[in-house]
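Beneath this line is the structure, given in structure tokens, with notes to follow.
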Amino acid sequence: MTSSTRNRVGRNRVGTPPAVRVWERSLLLHGRVWKSSLLGSFLQPLLYLAGMGLGVGALVDATTGSPELLGGVSYLAFIAPALLVAAAMMVCAQDSLWPMLDGFIWSEAYKGMAATPLTPGQVSDGIALWHATRAVVTAGGFAIVLVLFDDTRTWGLLAAVPVGVATGLAFALPITAWAATRDGDRSFPAILRFGIIPTFLFAGVFFPIEQLPAAIQPIAMVTPLWHGVELARGAVLGTLSAPAASLHSAVLVAYVFAGAVLCRRAFGRRLGS
Amino acid sequence: MAAAPLITARGLVKRFGDFAAVAGIDVEVESGESFGFLGPNGAGKSSTMRMIGCVSPPTSGELRIFGLDPVTDGREIRARLGVVPQQDQLDAELTVEENLVVYGRYFDIPRAECRRRAAELLDFVQLTDRAGSKVDPLSGGMKRRVTIARSLINEPSLLLLDEPTTGLDPQARHVLWDRLYRLKQRGVTLVLTTHYMDEAEQLCDRLVVMDGGRIVAEGSPRSLIQQHSTREVLELRYAPGTNEERAHAIADIGDRQEVLPDRVLVYTHDGEAALHEVHERDAAPISSLVRRSSLEDVFLRLTGRTLVD
Ligand SMILES: Nc1ncnc2c1ncn2[C@@H]1O[C@H](COP(=O)(O)OP(=O)(O)OP(=O)(O)O)[C@@H](O)[C@H]1O
Ligand SMILES: [Mg+2]
């Protein structure tokens, strides 16, 4: 039977990379909801920008002293690139919790993959590729919306998208690695409530972290979100210095790299012991 | 020259911490045969199957599949195996066909070829008419058949089935047995686990009885029954709570007795004659049954416990 397999499949065929074959399943599953999901990628930014950028922005921009604090730009322009990055974080964090546990304990799809020639590391890479895809769609959708506004229509948006993807992965990979060690979802709501939401609120998206108490600032500074926000905002508003850009990029890359290593290890333990 | 065995295990051990789920087993499976692991819950069947399936490295001992070492050649072995795990692992939201195609892609089989094989396999498991429907609403027996079809997508020569029919109704079980029997006729080597003695008797040329991580007996179903049991069994039911007392009164009838909570089993070569004697002792039961010995009796004899409780 195996020889007939080889004949029919063809000996010289160039195969598809393993991670892509894992990714195909996520794509197919997601395909059931892609329309609503794509709509969400545009609607959510529009709502946030309308509410926070234009609504709250009108108040902020009228307050004396705030233009200096925000670097001389409108509040909309200040938060828009940051919201782009934060949206990628949100989507990636959610995708890294329940859907991962499904693969390990409910549908056991990842266990099914491990019974094929795929290795746990390749399964992990395929999942990472999927997180990246979700981040691209989220950040990309946000960037397209930002083109509609005069204050944010800059070439820097092109750089903000990969920054959003890197930030998304900087959250997705460590959280996925954590989820891969869990036998239930009891800790998941707490991760969102006490990890992701406070990060969203205090890591520089809505106001400069200099406004935070001095003791809290370092906490904001270690989150990947702050680095992503600084990069994206700097790129879109054209205020980024080369050293700052290198530093923030290096931190994000380190998070993504470490996350990928942790993920591979967690998948290896879970699927191969 | 005899062909090398498809599976060889010597002193195979799987530990989880201090606990030995598989405590040193020796097994050989020849190409084309149908081999079973029979044992109760927790006997170590799945742990053994996962080692053979190269998803769980042995703690110690030697294991060869297709003559290859699972630790170093796991990918190559898995590429040639079909696996039906204890839990179906299907994507409930995808269609039956999509489940097969997605799985085929894990083997790097081109999409068009996956679809061609899926159609063929769904025909084989008699689910062609459900190809386009989601997996979620299918019955347990149908899902099991989807899983079997899926496990064949890479055209394996060795198929591992972990409790293929547990939880299915009798009719669904017979449909599955029929399909598995056809696979065996096509030359596919079947290795399965079960805690149903009738399944082992139906499907297995040879089997090992496992208990507590060890092999307690090995042979064909028929030879195991011959070795470890009598030809017939007389089952007696008495009023609740009186089994011990009644059994004592008829202790010398038959070769051997087992007193279970709900019945007394008398092992004998002639069940009717034994029943006649029981009546003569004034130990008439509420009901009685004479039947042939089964692997259930072998298991009871070897371990002192019933297989399914
Ligand atoms: N990953 C694990 N960690 C710790 N203990 C385990 C693990 N997997 C199995 N065990 C234990 O090993 C023993 C054997 O389990 P196994 O699943 O191999 O039994 P089984 O014969 O397949 O039983 P069943 O009929 O219930 O499927 C059980 O006591 C089980 O609790
Ligand atoms: Mg089991």
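The values are calculated or read from the model by the stated rules, or taken from the named source; none is laboratory data. Since this is a predicted model, take the numbers as computed values, not measurements. So basically every Cβ, Gly included, is an ideal-geometry build from the backbone, and we count neighbours across all protein chains shown. SASA here: full protein model, heavy atoms, side chains in, ligands and nucleic acids out. Shrake-Rupley method; radii C 1.70, N 1.55, O 1.52, S 1.80 Å.
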Excluding ligands and nucleic acids, what accessible area in Å² is computed for B:His248 using a 1.4 Å probe, to the nearest 10?
-> 150 Å²
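By DSSP, what percent of the beta bridges with both residues in chain B are antiparallel, rounded to the nearest 5?
Values: 35 of 53 bridges.
Here the antiparallel bridges make up roughly 65 percent for chain B.
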In terms of modelled amide H atoms, which long-range or inter-chain residues lie less than 5 Å from the amide H of B:Val216?
-> B:Val209, B:Met210, B:Asp211
For A:Met221, B:Met210, B:Met197, give the ranking by accessible area with the largest first, probe 1.4 Å.
-> A:Met221, B:Met197, B:Met210
Rounded to the nearest 20 Debye, what is the dipole magnitude of chain B about its Cα centre when Lys and Arg each give +1 and Asp and Glu each give -1 at the C-beta?
-> 1080 debye
Run the 1.4 Å probe and let me know the accessible area of A:Trp98, rounded to the nearest 10 Å².
-> 80 Å²
Give me a single rounded figure for B:95-102: the average over its residues of other chain Cβ atoms within 10 Å of their Cβ.
-> 3
So for the pair A:Leu47, B:Glu272, with labels modelled 7 Å out along Cα→Cβ, what separation do we get in nm?
-> 8.0 nm
Between the Cα axis of helix B:96-106 and the main Cα principal axis of chain B, the angle (0 to 90°, nearest 10) is 70 degrees
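Give the ranking of B:Ser294, B:Ser288, B:Ser46 by solvent-accessible surface, highest area first, calculated with a 1.4 Å probe.
Correct descending sequence by accessible area is B:Ser288, B:Ser46, B:Ser294.
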Relative to the longest principal Cα axis of chain A, at what angle does helix A:34-48 sit, 0 to 90 degrees, rounded to 10?
-> 20 degrees
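Would you mind giving the mean number of other chain beta-carbons within 10 Å of the Cβ of each residue in B:82-94, as a whole number?
For peptide B:82-94, the averaged partner shielding equals 5.
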Taking a 1.4 Å probe, which of B:Met142, A:Met100 shows the most accessible area, and what order do the others take after it?
-> B:Met142, A:Met100
Number of partner chain Cβ atoms within 10 Å, mean per residue of B:105-115 = 6
Note, segment B:72-87: 3J(HN,Hα) by Karplus (6.51, -1.76, 1.60, θ = phi - 60°), whole Hz, Gly/Pro = x, goes 9, 10, x, 5, 5, 5, 4, 5, 9, 9, x, 10, 10, x, 4, 9
J(HN,Hα) series, segment A:138-155, from Karplus relation 6.51 cos²θ - 1.76 cosθ + 1.60, nearest Hz, glycine and proline x = 5, 5, x, x, 5, 4, 4, 5, 5, 5, 6, 9, 4, 5, 10, 7, 9, 5
If one compares the long axis through the Cα atoms of helix A:75-95 with the longest principal axis of the Cα atoms of chain A, the angle in degrees, nearest 10, works out at 20 degrees
Rounded to the nearest 0.05, what FRET efficiency do A:Ser249 and B:Ala112 have when you use their Cβ-Cβ distance and R0 = 41 Å?
-> 0.45
For chain A, what does -39500 (n - 2.57) per DSSP helix run (n ≥ 4), summed and divided by total residues, give at 222 nm, in deg cm²/dmol to the nearest 500?
-> -21500 deg cm²/dmol
Taking only the C-alpha atoms, wrap a convex hull around the protein assembly as shown and report its volume per residue in Å³ as a whole number.
-> 206 Å³
Which FRET efficiency, nearest 0.05, do B:Ala249 and A:Trp98 yield, Cβ-Cβ r, R0 60 Å?
-> 0.45
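Go through segment B:179-220 and name the trypsin sites (Lys or Arg not before Pro) that are in a DSSP coil and have 12 or fewer other Cβ atoms within 10 Å of their Cβ.
B:Arg186
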Calculate for chain B the 222 nm mean residue ellipticity that helices alone would give, adding -39,500 (n - 2.57) per DSSP H run of length 4 or more and normalising by residue count, nearest 500 deg cm²/dmol.
-> -11000 deg cm²/dmol
Under the Karplus relation 6.51 cos²θ - 1.76 cosθ + 1.60, θ = phi - 60°, what is the ordered set of whole-Hz ³J(HN,Hα) values for segment A:188-197, x standing for Gly and Pro?
-> 5, x, 5, 4, 5, 5, 9, x, 6, 5
